[in-house]
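The values are calculated or read from the model by the stated rules, or taken from the named source; none is laboratory data. As the structure is a computational prediction, the values presented were derived from the model and not from experiment. All Cβ positions, even for glycine, are placed from backbone atoms using ideal geometry, and neighbour counts span all protein chains on display.
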Amino acid sequence: MRILIFHNLLWSQYKSVVFEKVAEICVENQDELLVIETTITEAGREDLVDFDLSTYPYKFPVKLLSTKPLQHISPWKVGFEWFKIILQFKPDVINFTGYAEAAALPTLLLCKLLGIKTIMTIESVRNQSEKQGGIIHLSKSIIKSAIFKLTTGFFSYGINSNQFLFRSGVAKKKILSFLNSFDKIKFKQQLGNEISNPLVPNNQPYLLYVGRLSEEKNLFELLNLMKELPYTLKMAGNGPLYDELQEMIQSEQIANVHLLGTVAWSELADLYKNASSLVLVSTSETWGMVANEAQELGKPVICTEACGCANDLIIDGFTGLVIKRLDDSTERERIKHFLDKLPLNAAKYHENSLRNSKIFEVDKLASEMYQGFRKLTIN
């Protein structure tokens, strides 16, 4: 069996460890795997070099198409390279990362002509074009429907992604896997002496945000919430809203919020370890792998229902708090109550989080993916 995976970003510690495990299974079964990465990272994240080819020992067959930021790469170039690789590698099955790439539809048509099985990895929890309405939403829905009909099977990111697929008319039998994971071993190996880490001075507990500083993360509303809370918030990450957030913090004297800027993945474990809770209040979030990282260290997570991990990885009252939306006064009171009671409930959340995290294991996910590839190619 020859497996070809089209993935968008090499800079993805979450997917890389999964590809490594799939590669190991392929070697054991004398199958062949090739992963095609479109590029290293996105525009605005060029300073994150933890997982560049020169700094990270990738243990799976990988080919990089470009080093430009993802947004600067022509979809025609991607499509041409995909076609060329398919004809050269002659795969039995191809795994696509999502359906947003312009080359997806023509490539699926080629696969149909050549008799190649296809699997689409779906992270979406809702159709973002619904917000645009009218002709744009209609045209995108037609294209999505065509892509889904041409696709043989699907890998889903969890319960909410499954529901998205069901709403899109995908039959349950076509969903071959619905898990995700990350490199837990490497992540926990980063834990060191937090006293020596300047990011966690004095070991004082705090709330933690980890992620891109962008509009969908709802960060201005998060700052407004922090005005009402007697806690410290540390925000690890960079993005287009950094200067505006810094300006708001200074102009409105929000002294309990600290922007840390870009933090290397190797330094994140200590940040999580000393945090009371992770906060993820996005208005749109495909999953939120930072929640997996927090949970692996036994930390509860406060998240919105808009996050794919909500009511799946993060279960309200069991591994954290799930709110409807942050700008609702009732939900803000729930957050305050949750944090007030957290010192008493920390041990419960710690135990529940560690237990729940075991479900999302890399070996299990890789095995499910491989079995999905195998199932399609033998039918």
Self-check item: Residue within segment 266-279 that is of a type outside the set (Asp, Glu) and free of Cβ contacts under 8 Å to residues at least 12 places away in the same chain present
Solution: no
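Scan ASN292, ASN311 and give me the residue that is touching a residue at least 60 places away in the same chain (Cβ under 8 Å), under 30 Å from LYS358 (Cβ atoms) and buried (at least 21 other Cβ atoms within 10 Å of the Cβ).
ASN292
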Exercise. Quick one: GLY79 ticks every box in (1) at pLDDT 90 or above; (2) farther than 22 Å from VAL170 by Cβ; (3) more than 26 Å from the chain's Cα centre (by Cα) except a single one, so which number is it?
Key: (3)
Quiz item: Hey, among ILE195, ILE185, which residue is within 20 Å of the chain's Cα centre (by Cα), surrounded by fewer than 20 Cβ atoms within 10 Å (Cβ to Cβ) and either modelled with pLDDT under 95 or not in a loop (DSSP other than H, G, I, E, B) (or both)?
Solution: ILE185
Quiz item: Considering only segment 263-283, how many residues are within 14 Å of LYS217 (Cα to Cα) and modelled with pLDDT under 90?
Solution: 0
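Go through segment 70-179 and tell me which strands (runs of 3 or more DSSP E), entirely inside it, have 2 or more residues that are closer than 18 Å to THR377 by Cα and in contact with a Gly (Cβ under 6 Å, 6 or more places away or on another chain). Talk me through it step by step, then tell me what you get.
Details: elements: 93-97, 117-122, 153-156, 175-178.
Result: 175-178.
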Practice problem: Kindly indicate whether ASN202 is of a type in the set (S, T, N, Q), modelled with pLDDT under 95 and part of a helix (DSSP H, G or I). | Solution: yes
Practice problem: Six or more apart or on different chains, Cβ under 8 Å: which pairs go from a residue in segment 139-158 that's on the phi > 0 side of the Ramachandran plot to one that's outside any helix (DSSP H, G or I)? Could you list them? | Solution: GLY158/PHE178; GLY158/LEU179; GLY158/ASN180; GLY158/TRP287; GLY158/GLY308; GLY158/CYS309; GLY158/ASP312; GLY158/LEU313
Quiz item: Can you tell me which of ILE254, ILE249, ILE302 is in contact with a strand residue (DSSP E or B) (Cβ under 6 Å, 6 or more places away or on another chain) and not in a helix (DSSP H, G or I)?
Solution: ILE302
Quiz item: Is it true that some residue in segment 370-378 is within 26 Å of the chain's Cα centre (by Cα) and of a type in the set (Val, Ile, Thr)?
Solution: no
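I'd like the full set of residues that are in a helix (DSSP H, G or I) and polar (S, T, N, Q), limited to segment 257-289.
Let us first name the residues in segment 257-289 that are in a helix (DSSP H, G or I), namely 265-273, 289.
Of everything in segment 257-289, just one residue is in a helix (DSSP H, G or I) and polar (S, T, N, Q), namely SER266.
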Quiz item: Counting only residues that are in a helix (DSSP H, G or I) and without any contact (Cβ under 8 Å) to a residue 12 or more places away in the chain, how many does segment 361-379 have?
Solution: 1
Quiz item: closer than 30 Å to ILE94 by Cβ, surrounded by fewer than 17 Cβ atoms within 10 Å (Cβ to Cβ), over 20 Å from the mean Cα position of the chain (by Cα) and not polar (S, T, N, Q): does that describe ILE359?
Solution: no
Quiz prompt | Checking PHE318 against (1) surrounded by fewer than 16 Cβ atoms within 10 Å (Cβ to Cβ); (2) within 26 Å of the chain's Cα centre (by Cα); (3) assigned to a helix (DSSP H, G or I), the condition it does not meet | solution = (3)
